[in-house]
Structure formats: structure tokens, C-alpha cells
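Below: the structure, in C-alpha cells.
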Amino acid sequence: MLVNLIATTIRLLSKFALIAACLIPGIIRTEINAQIYSVNEGAVYQTCSCAFCEEIRQTSSVKTYKMCCARKHQNNKKPKEKYAHQPTRTIMIYMAADNDLRPFAARNIQQMANIGSNQNITIVVHLDIRISGNKKITRRYLIEHDQVLHIDPYNPLTQQMDSGNPTTLISFCEWAIKNYISDEYDLILWNHGTGILEPPHGKIINPMDLFVFNPSTHRFDLDRSVGFMDVVSSLEPPQRGVCWDDTTGNYLSNRKLETALDTICQKYLNGRKFGIIGFDACLMSMIEVCSFVQKYAQVMVGSEEVELGMGWKYDEVLAPFAKEKLDTVAFAAHIVNAYSRTYQSITNDYTLSAIDLTAIDLLERNIDHIAKLLIEALDKQRNTIYQAIKESKNKLLCTHFDEPTYIDLHHFYKNLSNNIRRIGYDNSQLSSAMRNALLAKLEEGALLIEKLVIANTVGKNLKNARGIAIYFPERGIHSSYQEALFLKSNAWGTLLSRYVFG
């Protein structure tokens with residue numbers, strides 16, 4: 001009886017402490033039932049002991065808290081600013097980790113907390129993941145220096161969400177934009193990626209499975225004997241695709257992503273764009289992806305090649321903000337340079353590029369013009385032009401990636417230009433004019449790529465990759481490619497059909 005009375009009393013004291021903490025200004029620290037509570041500016045910080053927070057703490061000095069019971073600000077007044085000046089940028093990381101990339105989530109969050117939010121940046125994370133007991137959880141974190149704060153932990157609407165549903169991405173961005181006011185917002189999508197193609201039945205593969213250790217170089221090499229999508233197609237049982245969620249079986253298709261970004265920019269950014277949309281994912285640096293992302297960001301950061309599972313090293317990515325502000329272009333270039341420092345001693349098969357999207361439409365028009373010229377040339381001299389294209393995109397001569405239908409656009413342009421010069425056209429006025437027009441447009445396109453790619457890093461095996469890939473199959477056209485928005489006003493799809501099917 002006495003034991004029960006004591007236990008009840010302790011529980012009541014715990015609740016009273018939380019209520020009092022929410023009401024009493026200043027800072028209160030108390031320890032009840034081994035739970036530590038701290039109150040500052042009306043918010044309660046409770047030590048979080050969930051399985052995932054244990055992972056974060058195990059191998060680092062980072063502390064984790066639940067942040068709850070924040071007091072309402074009367075008269076709609078803004079909360080007191082933590083820093084003397086409003087941070088210039090809020091960096092939003094959307095971590096779709098309810099999948100086989102799960103082991104890298106805690107490590108990346110530790111890296112973020114090594115820098116943490118400060119007077120220059122605010123770092124917020126949306127995390128979907130499964131913990132011990134196969135339990136699905138969703139977390140929204142504010143990342144401080146050496147602290148991870150789980151925001152609004154008792155809100156039932158945000159505790160189990162679907163990272164493959166566009167409404168989840170919209171909800172996260174709405175929350176971040178409304179609660180962490182900044183001059184600029186960046187969005188990083190942390191997940192698997194398959195470029196412009198949609199995996200069959202939403203299947204995907206862990207990129208770690210594509211690398212093998214080379215003892216002679218002490219680096220990891222890509223196994224290019226089988227194409228990325230061929231490996232994906234052979235998977236049993238099925239797994240899921242871009243920003244995929246194992247629990248629900250959903251993933252963000254490029255069209256779903258485009259819908260989400262449109263809603264976010266129009267509704268919550270008041271028609272403005274993100275500064276950077278970054279893909280910490282495989283194979284996303286493609287003209288077809290740039291084509292729809294350009295409406296929603298000034299700069300895109302992504303990889304033409306697959307990424308190793310550990311992805312970006314976030315303490316390196318965020319390091320400059322510990323001392324200074326960076327503008328959008330400088331930050332994008334720094335991300336690329338940080339990636340280079342991370343992987344140059346690990347593998348010779350890596351790429352990352354930052355692309356200026358403000359003039360990407362010029363490159364799209366250039367591709368459209370070249371496609372139309374090549375279609376006309378195929379009509380007039382099919383065998384000669386077909387052979388020139390085939391040689392220009394040959395695997396041995398043109399940079400391609402683990403998905404072999406993705407080729408580097410700049411390298412293809414250079415090869416095609418050289419092959420066009422060698423072609424023995426007949427002496428007709430039209431052929432001469434067409435030849436000159438093609439050479440002029442190919443040169444223009446190559447220069448455009450060099451101008452649009454703000455920064456680019458590559459491993460030794462991909463030394464001719466210049467930052468932007470394009471889809472160009474040899475046999476058959478993937479059914480999902482027909483859905484690419486890029487094709488709506490571009491003749492590239494027609495060229496592919498004429499090349500592949502005659």
C-alpha cells in the first residue's frame with residue numbers, strides 16, 4: 001500500500017514539474033524518475049531515451065532532447081530571437097530512412113550536430129525510420145551544436161508519416177518555413193535516387209552493393225558489368241524507389257516531387273524559389289531532372305553517378321557556417337568541394353556537381369535544336385549519321401554511369417562534334433549547311449554546360465564527366481521516360497525514337 005502511494009506521488013510530482021516548467025519563466029532543471037527536464041523561454045527540454053536517440057549518443061558526445069510544451073506567444077508576437085541576427089538560411093534535410101539506408105541516418109545527424117544551428121544557419125531535419133522492434137517512427141529535429149532537439153514530440157499527426165507521400169514533404173517544409181524564418185531556404189533530399197527513370201514496381205537497390213574493394217588501389221570500384229536498372233529489375237522481393245518508405249511501400253516519383261515542390265513554393269514561399277535543392281542520392285544530376293527542378297530552385301546539387309551509402313559528410317558540408325555566412329552559389333560550390341575531400345581517397349567512381357538553374361532553359365533549347373537537326377540528318381543520311389551518333393555515345397568513348405543509358409552530355413557533344421567533322425557529306429548546299437549548323441550548336445551547348453556548372457568534382461574513372469547527364473539508350477526506351485516533363489517541349493524524345501527504332 002505504502003509502495004503504491006509513493007509511486008503515485010512520484011508520478012504526480014513528475015506531471016506537476018512539467019506543468020510548472022511550462023508556466024514559470026526562466027530556466028528550471030530537475031530530475032524525476034531519471035528524466036531530466038530543462039525549461040528555457042517557455043519550452044521544455046526532456047532527455048529523449050528512444051532507441052534512435054541512443055544510437056546518436058552511443059558514438060558521439062551529442063545530447064538528445066524532446067522539446068515540448070512551448071508556451072503560446074500572445075498577440076501573435078514572434079518568439080524572442082535566439083541569435084542577435086536572424087540566420088541567413090534555413091537548411092531543411094528530408095531524410096527518407098525507412099529503408100536500407102537506415103544505418104547511415106544517425107551518423108549523418110551526428111555530423112550535423114558537430115556544427116549545429118547558429119547566427120548564420122538553422123538546421124532542421126525530417127526523419128522517417130524504423131527502430132528496434134520494427135517500429136516505424138517520424139521525427140522532426142532542430143539541430144543545435146552538440147544537441148538534437150525533437151520538436152513537438154507528442155503531436156500524433158507527426159509521429160508516423162510516410163516519406164514516400166508528397167504531403168509529408170509539403171508538411172515538413174510548411175513547418176520549417178513557418179517556424180524558422182530566414183532569408184533563404186535550402187532543401188536536401190536524403191534518399192535513394194534513380195535519375196529520371198522510375199524503377200519498375202518501385203524497386204531500388206542499395207548502392208553499397210554495387211561497389212567492390214580493389215586491393216591494388218585500396219579504393220572501392222563500381223562494378224559496371226551490369227546496368228543499374230537491370231540490377232533493380234532483377235531484385236526479389238521488390239524494394240522501393242526515390243524517397244521510398246519500406247513500411248508503406250510508397251516512394252516519390254519525379255512527378256510527385258514536382259507537385260510537392262510546386263505547392264511548397266507557391267503556398268509557403270509566396271512564389272519564391274529555394275536557394276538550393278540538393279540530392280544526397282544517386283544519379284540525379286540530369287538535364288531531365290534540372291528541367292523540372294529549375295522552377296523551384298536557383299541551384300541544384302546532385303551526382304551523375306551512384307553515391308556510396310554514407311552520402312554527404314555533413315560536418316564538412318556545414319563547416320563554413322560556424323564562422324561566416326555563404327551566399328547560395330558559394331554554398332553550392334562548397335558542398336561539391338566537401339564531397340571531393342570526402343571521397344577522393346575512398347573511390348575513383350564519384351561525381352557531384354552544382355548547377356545554375358537560372359539559365360538552364362538555354363541548354364534545353366540547345367538540346368531541342370540539336371535533336372531536330374539530327375532527326376533531319378537521319379532522314380537524309382541515316383546510316384552515316386546513325387553511325388556517328390553510335391560512336392559518339394559508345395561506352396568505351398563516352399562517359400557513362402552505373403546506369404549505362406545515362407551518359408555525360410558534354411562528353412557526348414564533344415565526341416559528336418569530332419565525328420561530324422569527319423563525316424564525308426555530299427556536296428549539296430543543304431548538307432553543308434546542316435553540318436555547319438550542327439557543329440555550331442554542339443559548340444554552343446558545350447560552352448553552356450561549362451558556364452552552367454558552378455562546380456564539379458569527379459573521380460579518376462570519370463574524368464570527362466562535366467556535371468550534367470542525359471538519357472540515351474541503345475536498345476528500347478524505358479516506359480517511364482515518356483512521363484518526363486522535359487519531353488513536353490523538347491524533340492529529344494523523338495530523336496531517341498528515331499535512333500532506336502528507325
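Below, the figures for the structure above:
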| item | result |
| --- | --- |
| Selected residue [crowded, with 24+ Cβ neighbours inside 10 Å, touching a helix residue (DSSP H, G or I) at 6+ places or on another chain (Cβ under 6 Å), modelled with pLDDT of 95 or more and among the hydrophobic types (A, V, I, L, M, F, W, C)] from Val289, Val299 | Val299 |
| Candidate set from region 121-138 (those that are at pLDDT below 90 and surrounded by 24 or more Cβ atoms within 10 Å (Cβ to Cβ)); member that is nearest to the chain's Cα centre (by Cα) | Asp128 |
| Number of the condition not met by Met434 [criteria: (1) of a type outside the set (Phe, Trp, Tyr); (2) farther than 26 Å from Lys295 by Cβ; (3) at pLDDT 95 or above; (4) over 22 Å from the mean Cα position of the chain (by Cα)] | (3) |
| Residue match in region 62-83 (condition: modelled with pLDDT under 75, outside any loop (DSSP other than H, G, I, E, B), surrounded by 21 or more Cβ atoms within 10 Å (Cβ to Cβ) and not small (Gly, Ala, Ser)) | yes |
| Wholly enclosed helices (runs of 4 or more DSSP H) of region 396-502 bearing at least 1 residues hydroxyl-bearing (Ser, Thr, Tyr) and free of Cβ contacts under 8 Å to residues at least 12 places away in the same chain | 429-452 |
| Qualifying residue in region 473-485 (condition: touching a Gly at 6+ places or on another chain (Cβ under 8 Å), modelled with pLDDT of 95 or more and either surrounded by 17 or more Cβ atoms within 10 Å (Cβ to Cβ) or within 24 Å of Ile385 (Cα to Cα) (or both)) | no |
| Residues within region 84-104 that are among the aliphatic types (A, V, I, L, M), at pLDDT below 90, out of contact with any Ser or Thr (no Cβ under 7 Å at 6 or more places or on another chain) and crowded, with 19+ Cβ neighbours inside 10 Å, tallied | 2 |
| The lone exception for Thr347 - which of (1) touching a residue at least 60 places away in the same chain (Cβ under 8 Å); (2) in contact with a helix residue (DSSP H, G or I) (Cβ under 7 Å, 6 or more places away or on another chain) it fails | (2) |
| Strands (runs of 3 or more DSSP E) wholly inside region 89-172 containing at least 3 residues that are aliphatic (A, V, I, L, M) and in contact with a Phe, Trp or Tyr (Cβ under 8 Å, 6 or more places away or on another chain) | 89-96, 121-131, 147-151 |
| Residue that is farthest from the chain's Cα centre (by Cα), among those in region 448-502 that are over 21 Å from Glu364 (Cβ atoms) and of a type in the set (Ser, Thr, Tyr) | Ser479 |
| Some residue of region 367-387 being over 26 Å from the mean Cα position of the chain (by Cα) and of a type in the set (Ser, Thr, Tyr) | yes |
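The values are calculated or read from the model by the stated rules, or taken from the named source; none is laboratory data. Here the structure is a predicted model, which means the values were calculated and not measured. In this analysis, Cβ positions are derived from the backbone assuming ideal geometry, glycine residues included, and neighbour counts consider all displayed protein chains.
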